[in-house]
Amino acid sequence: MGIFINTNSTLHVEGKIISENNSGSECAGIQVQRSSNLTLQGSNLSVNIQNNSGIGIHILQQSSARFDPGIEIHDNTGDGLFIGDNSMLYAKGTGVKNNGGKGISADDGSSVKCNSSVITGNTGGDINYTFGVRSTLNQNTIGNLPITCDSSVMSRGDHICP
């Protein structure tokens, strides 16, 4: 496990972090759970979540994350980002590339708002939504693999569920 944010905790980063080469079962570069919050922001932001044997950033159990430009999530063996259990993600200017699973995967009533980001080259597809996800995608570059959704998903913006 890389960085673990648990049980009503908050991590606020305005500078540089790298979470890489973490391995083990259910491993993530960053895991946010149990009503916790991750904020990555600032004009000098440089965040690389890379080469982890699992999910790049895992957000679950009514947690939230906010990303300003300067975040790169790439080359992880699992999904780049997984948002589940009624959690929220707001990402702007984020790169989610070349992960072994899906680029962004969300489930179980979660909410995703993603603007001006690049989501491409992810082996399992670039975006996958299931079970009541709400999504707004605007001004993103999304790769050739289609967005996949089940019939319970609500989406709006430039890229919507088929």
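Each reported figure results from applying straightforward, stated rules to the coordinates on display, with no laboratory input. Values in this document were obtained by computation on a predicted structure and should not be read as measured data. No Cβ is skipped: glycine too gets one built from the backbone with ideal geometry, and neighbour counts run over all protein chains shown.
Straight distance only, please: which aspartates and glutamates reach the Cα of K16 with their own Cα at less than 20 Å, same-chain residues fewer than 8 apart left out?
Straight-distance partners of K16: D68, E72, D75.
What's the local net charge at F4, with K and R +1, D and E -1, over the other residues with C-beta under 14 Å away? Write out the running numbers ahead of the final one.
On the way: positive: R34; negative: E26.
Spelling it out: positives minus negatives among the neighbours equals 0.
Multiply the residue gap between D85 and N21 by 0.36 nm, knock off their C-alpha separation, and tell me the result in nm, one decimal place. Mind showing how you got there, number by number?
Working: separation 64, 0.36 × 64 = 23.04 nm, distance 2.63 nm.
Contour length minus the Cα-Cα distance gives 20.4 nm.
Taking the Cα centre of the stretch 59-162 as the origin, how large is its charge dipole in debye, to the nearest 20, when only Lys and Arg (+1) and Asp and Glu (-1) carry charge on their Cβ atoms?
260 debye
Once you measure Cβ to Cβ distances between cysteines in the chain, which Cys have no partner under 4.7 Å?
Here C27, C114 come out as lacking a disulfide-compatible partner, given the Cβ-Cβ threshold of under 4.7 Å.
Measuring from the lowest to the highest alpha carbon on each principal axis, how far does the stretch 9-88 reach, largest first, in angstroms?
Its Cα atoms span 34, 26, 16 Å along the three principal axes.
Less than 13 Å Cβ to Cβ from A28, Lys/Arg counted +1 and Asp/Glu -1: what total charge do the surrounding residues give?
Taking every other residue near A28 into account, the sum is -3.
Computed from the coordinates I sent, volume of the Cα convex hull per residue in Å³ equals one of [x] 84; [y] 148; [z] 123. Tell me the label.
Checked against the structure: label [x].
Any idea how far apart S116 and S152 come out in nm if each label point goes 7 Å out from Cα toward Cβ?
3.4 nm
Give me the net charge of S43's neighbourhood, meaning all other residues with Cβ under 10 Å from the Cβ of S43; Lys, Arg count +1, Asp, Glu -1.
Details: positive: none; negative: E14, D68.
That sum, taken over residues with Cβ under 10 Å, equals -2.
Once Lys and Arg get +1 and Asp and Glu get -1 on their Cβ, which of S19, N86, N98 lies farthest toward the positive end of the dipole of the stretch 1-99?
Most positive-ward Cα: N86.
For K113, list the lysines whose Cα falls under 21 Å from its own Cα; do not include residues on the same chain fewer than 8 positions away.
Output for K113: K92, K97, K102.
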